[in-house]
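Since the structure comes first, as structure tokens, the remarks are kept for the end.
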Amino acid sequence: MRTTLWKILLLVCVGAVAGGPLVGVSRAQAAVGAGSVAPASGDSDRIVALEKQVAAQTAAIAQAQTAGDNAWMLTSAALVLLMTGPGLALFYGGLVRKKNVLSMMMQSFAMMAVITVLWAVVTYSLAFGSGNAFIGGLHNMFLRGVGLEPSAYAPTIPLQTFMVYQLMFAIITPALITGAFAERMKFSAMLVFMVLWAIMVYSPMAHMVWGVGGLLNAAPSHEAIVPRSNPETTDTQ
């Protein structure tokens, strides 16, 4: 009887000694498994955070570029405007007789007013609107659709800024022509001639050279110069 009890106790002790390491190993394996899962979850969170940070930095860089480009284009437009008035007005005024100085200066300043109104009404649309190879359409009459969004012509500045910049050249071009008939044309006749010239000569030429799909434009199509950062614009056109 005692021998049997001693055998049973011996077996229990051997089992306890042998099971202790196994339990420790299983607990260690469980801890290792939990540790391996936790870093994986942490890595994914860090990757998501880095992607958000990169996206935010990219947006900030694009916004800074747009602000810089817009400021420089507006400054350039102001400088071109100063070339017409007072620059060109004083230059032509100094080339004529004293009695015609005021008339010549007024012709330059009149171009600044008349061409601006004409540009907003129709000539911008004829020059830079979508049309055929020779002239644009009437889709942008009264500056319809000319807003703060970038365009195919200038993907980093608002379309309004591009419109204002091109307006400065539309103003100074007929103002330069006034020197060809200085002191030989009435003011009213000059206004009629310049309005017709801006519509029938300047607008088609500007569209053929700079307009999308123009005859002399190097860009083969509208889609070729649409900014890729705005896929919806490309798909809708």
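Since every read-out is calculated from the coordinates, none of them should be taken as a lab result. Just so it is clear, the structure is predicted and the values come from calculations on it, not from any experiment. Note that each Cβ is placed from the backbone with ideal geometry, even for glycine, and that neighbours are counted across all protein chains shown.
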Top-ranked residue in the range 111-160 [being part of a helix (DSSP H, G or I), touching a residue at least 40 places away in the same chain (Cβ under 8 Å) and of a type in the set (S, T, N, Q); ranked as surrounded by the most Cβ atoms within 10 Å (Cβ to Cβ)]: 123
Residue 184 being within 23 Å of residue 87 (Cβ to Cβ) and of a type in the set (Lys, Arg): yes
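Table: residues versus (1) under 24 Å from residue 76 (Cα atoms); (2) small (Gly, Ala, Ser).
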| residue | (1), (2) |
| --- | --- |
| 114 | yes, no |
| 129 | yes, yes |
| 159 | yes, no |
| 194 | no, no |
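Specify which of the listed residues (163, 190, 194, 168) is assigned to a helix (DSSP H, G or I) and touching a Pro at 6+ places or on another chain (Cβ under 8 Å).
None of the others qualify; the one that does is 194.
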Is at least one residue of the range 199-211 part of a loop (DSSP other than H, G, I, E, B), crowded, with 17+ Cβ neighbours inside 10 Å and in contact with a helix residue (DSSP H, G or I) (Cβ under 8 Å, 6 or more places away or on another chain)? yes
